[in-house]
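K.L.:
Supplied in structure tokens, the structure appears directly below.
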Amino acid sequence: MERETMEFDVLIVGAGPSGLSAAIRLAQLAQKQEETLSICIVEKGAEVGAHILSGAILEPRSLDELLPDWKQLGAPVETEVSSDRFQFLTSSGAFKLPTPPSMHNDGNYIISLGNLCRWLAEQAEQLEIEIFPGFAAAEILYDDSGAVRGIATGDMGVGTDGEPTDNFEPGVELVARQTLFAEGCRGSLSKQLMQKFNLRDGIEPQTYGIGLKELWEIDPAKHQIGKVEHSIGWPLDNQTYGGSFIYHIENNQVSVGFVIGLDYQNPHISPFEEFQRFKTHPSIRPLFEGGKRISYGARAISEGGLQSIPKLTFPGGCLIGDSAGFLNVPKIKGTHTAMKSAMLAAEAVFECLQQTESNEASSYAEKFRNSWLWDELNLVRNIRPGFQKGLWRGLISAAIETYFTKGKGSKTLNHHEDHLQLGKASDFKPIDYPKPDGEVSFDRLSSVFLSGTFHEENQPVHLTLKDDTVPIKINLADYDAPEQRYCPAGVYEIIQQDEESMLQINAQNCVHCKTCDIKDPTQNINWVTPEGGGGPNYPNM
Ligand SMILES: Cc1cc2nc3c(=O)[nH]c(=O)nc-3n(C[C@H](O)[C@H](O)[C@H](O)COP(=O)(O)OP(=O)(O)OC[C@H]3O[C@@H](n4cnc5c(N)ncnc54)[C@H](O)[C@@H]3O)c2cc1C
Ligand code: SF4
């Protein structure tokens, strides 16, 4: 069946902070030059914000640059950070540590990033930007010269067997002079582009973390609006990078989360269970007792920083935001950096559209090099790799980088590939996680329920395996099937059938965090977009 084609000047894949900021900046530039520019955004979530999960503390620097009158325009950015606490946890105690400068949040706000995106989408629509939620960009389209000419959205109504059902509707081809990929961390099309255009040649590997988050309504007597707490230490061992966050937002709500570096070695680690266990710590538990958990979700974050940012442009398009990996790890902030990269890309794309010699927005790289964003990421580039040899050496190296060399040293530390760090199951002791108590700690399935995740069941599994035998022959045999534990949604289960072990993939539970695509030890799992609109339905995460 023929696919319908729609044409635009600029197409953006993903309505997160980067995609929306790029669209808004492009429309502003066009308005200033009294030009018309047709701009379209496709978003795989059922609505803008449905797939957005973040902490989130917002450093408003980029928002100030993009929409300086955001306060008057009613942006949902209201709760100013009132206090910062950084602590080290042991199994029974909590010790206050000096808050590193990068984690000071004076002038920052605690927000729901989903709600900020919903509001940015309204601003974009007022600038006549077209937004199509519920459409997943499933395929990259190339022209005869090999340049990107747009994307095709996935077909709808294809059954589990790959055959069209009665509800079949072919995907739509969206073509544009420039296509910006704003898919966030480990974008499925961005991954293909990096390979096709060798964008990672000579670049350090990207390294990732998995972030799990819950939203709670707590006893008003315990709530302190604007309070920010971070911790390192227990329940993680000293070789595993990660820590927690607790942010007190409006309406007696608290956003609590845990981030674990995906370069962890022990295959018995379950990031989900580590997070649940964290909430049972004697200094943390009382905050949640008597409260109600409202929402749950998970999402990977890019931790590689400056040295892992690939070449940003290629003929016909570019990568922006976490698709390229602009997150500042010591700050645990990627929103202002994603937005800034998007604005810089928008300026370069606008220039590119004014001329006919080249279809590559090459000035984006130079604009990045001359921006505060480059300076900010350069300053902290050695902090995350310093933790490769464990917590204590990482803290010492971070202190030297922060207080003495201040990022000015000539050396840039390397990263390693997360999936290659996983050790054999027989070399590590299994971890005996406590059973959920149903009050502050919970099981995976009741958690996924709170993410509002829904996928049409009659569709091909979107967690594709390059080789069906690997899950049992390698993953189970060598690593005790780590996908059973690192997936925060219980998608992967080893079941017994006719006395044989089999991997069952409960694809309908997938919250689109992308961890399996990153951590699978042989890179056998390839996450592809399911039918548009499927996935989590986060309210205000
Ligand atoms: C647990 C956690 C806590 C965090 N805390 C903070 C914090 O406190 N402060 C901070 O500044 N940052 C924080 N971050 C990081 C921040 O959320 C990200 O850096 C930021 O969201 C990146 O923006 P983005 O637009 O690049 O990508 P995203 O926000 O991931 O948005 C990408 C969008 O593209 C859509 N999409 C993806 N692929 C496709 C496709 N093929 N077709 C159509 N649509 C697609 C997605 O559905 C999504 O809506 C946190 C992240 C996590 C996970
Ligand atoms: S299947 Fe993969 S992408 Fe989906 S929730 Fe599990 S780990 Fe995340």
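The values are calculated or read from the model by the stated rules, or taken from the named source; none is laboratory data. Quantities reported herein were computed from a predicted structural model and do not represent experimental measurements. All Cβ positions, glycine included, derive from the backbone under ideal geometry; neighbour counts span all protein chains shown. Accessible surface is based on the protein model in full, side chains and every heavy atom, while ligands, DNA and RNA are left aside. Shrake-Rupley method; radii C 1.70, N 1.55, O 1.52, S 1.80 Å.
K.L.:
Name the single residue, out of those in the stretch 40-50 being open to solvent by less than 20 Å² (accessible area, probe 1.4 Å) and more than 16 Å from ligand 2 (Cβ to nearest atom), that is farthest from Ser451 (Cα to Cα).
P.N.:
My answer is Cys40.
A quick yes/no check of all residues on (1) at pLDDT below 95; (2) β-branched (Val, Ile, Thr); (3) surrounded by fewer than 19 Cβ atoms within 10 Å (Cβ to Cβ):
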site: Pro235; (1), (2), (3): no, no, no
site: Val254; (1), (2), (3): no, yes, no
site: Asp263; (1), (2), (3): no, no, no
site: Pro267; (1), (2), (3): no, no, no
site: Pro286; (1), (2), (3): no, no, yes
site: Glu289; (1), (2), (3): no, no, yes
site: Tyr296; (1), (2), (3): no, no, no
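K.L.:
Can you tell me which residue is farthest from ligand 1 (Cβ to nearest atom) among those in the stretch 12-39 that are in contact with a Leu (Cβ under 7 Å, 6 or more places away or on another chain) and open to solvent by 30 Å² or more (accessible area, probe 1.4 Å)?
P.N.:
Taking the candidates together, the pick is Leu37.
Conditions (1) of a type in the set (S, T, N, Q); (2) at pLDDT 95 or above; (3) within 16 Å of ligand 2 (Cβ to nearest atom); (4) more than 24 Å from the chain's Cα centre (by Cα), marked per residue:
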| residue | (1), (2), (3), (4) |
| --- | --- |
| Phe88 | no, yes, no, yes |
| Leu113 | no, yes, no, no |
| Glu128 | no, yes, no, yes |
| Gly134 | no, yes, no, no |
| Ile140 | no, yes, no, no |
| Thr153 | yes, yes, no, no |
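K.L.:
Continuing with the same structure: Only one of Ile431, Ile396, Ile400 is touching a residue at least 24 places away in the same chain (Cβ under 8 Å) and surrounded by fewer than 16 Cβ atoms within 10 Å (Cβ to Cβ); which?
P.N.:
Working: Ile396 fails: touching a residue at least 24 places away in the same chain (Cβ under 8 Å); Ile400 fails: touching a residue at least 24 places away in the same chain (Cβ under 8 Å).
Unique residue meeting the criteria: Ile431.
K.L.:
Then there is this: Please list, ordered by residue number, the strands (runs of 3 or more DSSP E) wholly in the stretch 455-541 having 1 or more residues that are over 24 Å from Phe428 (Cα atoms), open to solvent by 20 Å² or more (accessible area, probe 1.4 Å) and hydrophobic (A, V, I, L, M, F, W, C).
P.N.:
Numbers: elements: 463-465, 492-497, 500-505, 525-527.
Because the criterion is at least 1 residues that are over 24 Å from Phe428 (Cα atoms), open to solvent by 20 Å² or more (accessible area, probe 1.4 Å) and hydrophobic (A, V, I, L, M, F, W, C), the strands (runs of 3 or more DSSP E) in the stretch 455-541 that meet it are 463-465, 500-505.
K.L.:
Check whether at least one residue in the stretch 30-47 is among the hydrophobic types (A, V, I, L, M, F, W, C) and over 30 Å from Asn359 (Cα atoms), and report yes or no.
P.N.:
Scanning the stretch 30-47 turns up at least one residue that is among the hydrophobic types (A, V, I, L, M, F, W, C) and over 30 Å from Asn359 (Cα atoms).
K.L.:
Next up: State whether the residues of the stretch 71-80 include one that is within 16 Å of Val228 (Cα to Cα), in contact (Cβ under 8 Å) with a residue 24 or more places away in the chain and in a helix (DSSP H, G or I).
P.N.:
no
K.L.:
Name the pairs: first residue in the stretch 293-316 and away from ligand 1 (no atom under 13 Å from the Cβ), second residue in a strand (DSSP E or B) and open to solvent by 30 Å² or more (accessible area, probe 1.4 Å), Cβ to Cβ under 7 Å, at least 6 apart or on different chains?
P.N.:
Once the first residue is away from ligand 1 (no atom under 13 Å from the Cβ) and sits in the stretch 293-316, its partners that are in a strand (DSSP E or B) and open to solvent by 30 Å² or more (accessible area, probe 1.4 Å) give Ile294/Glu217; Gly316/Arg149.
K.L.:
I need the full set of residues from the stretch 298-330 which are over 15 Å from Thr207 (Cα atoms) and either within 16 Å of ligand 2 (Cβ to nearest atom) or at pLDDT below 95 (or both), in order please.
P.N.:
Result: Ala298, single match.
K.L.:
Within the bounds of the stretch 353-376, is there any residue that is touching a helix residue (DSSP H, G or I) at 6+ places or on another chain (Cβ under 8 Å), within 16 Å of ligand 2 (Cβ to nearest atom), open to solvent by less than 10 Å² (accessible area, probe 1.4 Å) and in contact (Cβ under 8 Å) with a residue 60 or more places away in the chain?
P.N.:
Within the stretch 353-376, not a single residue is touching a helix residue (DSSP H, G or I) at 6+ places or on another chain (Cβ under 8 Å), within 16 Å of ligand 2 (Cβ to nearest atom), open to solvent by less than 10 Å² (accessible area, probe 1.4 Å) and in contact (Cβ under 8 Å) with a residue 60 or more places away in the chain.
K.L.:
Looking at the stretch 149-159, is at least one residue within 18 Å of Pro315 (Cα to Cα) and acidic (Asp, Glu)?
P.N.:
Among the residues of the stretch 149-159, not one is within 18 Å of Pro315 (Cα to Cα) and acidic (Asp, Glu), which makes the answer no.
K.L.:
Next up: Can you spot a residue in the stretch 179-188 that is under 30 Å from Asn382 (Cα atoms) and either loosely packed, with under 15 Cβ neighbours inside 10 Å or of a type in the set (Ser, Thr, Tyr) (or both)?
P.N.:
Going through the stretch 179-188, the residues under 30 Å from Asn382 (Cα atoms) turn out to be 180-188.
After this cut, where a residue has to be either loosely packed, with under 15 Cβ neighbours inside 10 Å or of a type in the set (Ser, Thr, Tyr) (or both) as well, the list is 188.
The answer is yes, given that some residue of the stretch 179-188 is under 30 Å from Asn382 (Cα atoms) and either loosely packed, with under 15 Cβ neighbours inside 10 Å or of a type in the set (Ser, Thr, Tyr) (or both).
K.L.:
Only residues that are open to solvent by 30 Å² or more (accessible area, probe 1.4 Å) and either β-branched (Val, Ile, Thr) or within 16 Å of ligand 2 (Cβ to nearest atom) (or both): list them for the stretch 203-228, please.
P.N.:
Matches in the stretch 203-228: Ile203, Ile225.
K.L.:
Tally time: how many residues in the stretch 473-518 are within 16 Å of ligand 1 (Cβ to nearest atom) and on the phi > 0 side of the Ramachandran plot?
P.N.:
2
K.L.:
Would it be correct to say that Pro100 is more than 16 Å from ligand 2 (Cβ to nearest atom) and touching a Ser or Thr at 6+ places or on another chain (Cβ under 7 Å)? Talk me through it step by step, then tell me what you get.
P.N.:
Numbers: more than 16 Å from ligand 2 (Cβ to nearest atom): yes; touching a Ser or Thr at 6+ places or on another chain (Cβ under 7 Å): yes.
So Pro100 passes the test.
K.L.:
Select, from Asp9, Asp84, Asp64, the only residue that is open to solvent by 10 Å² or more (accessible area, probe 1.4 Å), assigned to a strand (DSSP E or B), of a type in the set (Asp, Glu) and within 15 Å of ligand 1 (Cβ to nearest atom).
P.N.:
Step by step, each of Asp9, Asp84, Asp64 is checked, and only Asp84 is open to solvent by 10 Å² or more (accessible area, probe 1.4 Å), assigned to a strand (DSSP E or B), of a type in the set (Asp, Glu) and within 15 Å of ligand 1 (Cβ to nearest atom).
K.L.:
Output the number of residues of the stretch 98-139 satisfying the condition of being of a type in the set (Asp, Glu) and under 17 Å from Gly226 (Cβ atoms). Outline the logic, then answer.
P.N.:
Kept after step one, since they are of a type in the set (Asp, Glu), are these residues of the stretch 98-139: 106, 122, 125, 128, 130, 139.
Those still in the list that are under 17 Å from Gly226 (Cβ atoms) too: 106.
Count: 1.
K.L.:
What do you reckon, is Phe449 crowded, with 16+ Cβ neighbours inside 10 Å, aromatic (Phe, Trp, Tyr) and at pLDDT 95 or above? Outline the logic, then answer.
P.N.:
Numbers: crowded, with 16+ Cβ neighbours inside 10 Å: no; aromatic (Phe, Trp, Tyr): yes; at pLDDT 95 or above: yes.
So Phe449 fails the test.
K.L.:
Restrict the check to the stretch 189-198 and report whether at least one residue is under 30 Å from Thr153 (Cβ atoms), within 16 Å of ligand 2 (Cβ to nearest atom) and either open to solvent by less than 20 Å² (accessible area, probe 1.4 Å) or acidic (Asp, Glu) (or both).
P.N.:
Just the residues of the stretch 189-198 that are under 30 Å from Thr153 (Cβ atoms), to begin with: 189-198.
Within this subset, residues satisfying the condition of being within 16 Å of ligand 2 (Cβ to nearest atom) are 189-191.
Within this subset, residues satisfying the condition of being either open to solvent by less than 20 Å² (accessible area, probe 1.4 Å) or acidic (Asp, Glu) (or both) are 189-190.
Among the residues of the stretch 189-198, at least one is under 30 Å from Thr153 (Cβ atoms), within 16 Å of ligand 2 (Cβ to nearest atom) and either open to solvent by less than 20 Å² (accessible area, probe 1.4 Å) or acidic (Asp, Glu) (or both), which makes the answer yes.
K.L.:
Okay, moving on. May I ask you to list the residues in the stretch 94-107 that are part of a helix (DSSP H, G or I) and under 22 Å from the mean Cα position of the chain (by Cα)?
P.N.:
Answer for the stretch 94-107, where residues must be part of a helix (DSSP H, G or I) and under 22 Å from the mean Cα position of the chain (by Cα): Ser102, Met103.
K.L.:
Tell me the residue from Gly55, Gly107 that is more than 12 Å from ligand 1 (Cβ to nearest atom) and closer than 30 Å to Phe404 by Cβ, please.
P.N.:
From the options Gly55, Gly107, the qualifying one is Gly107.
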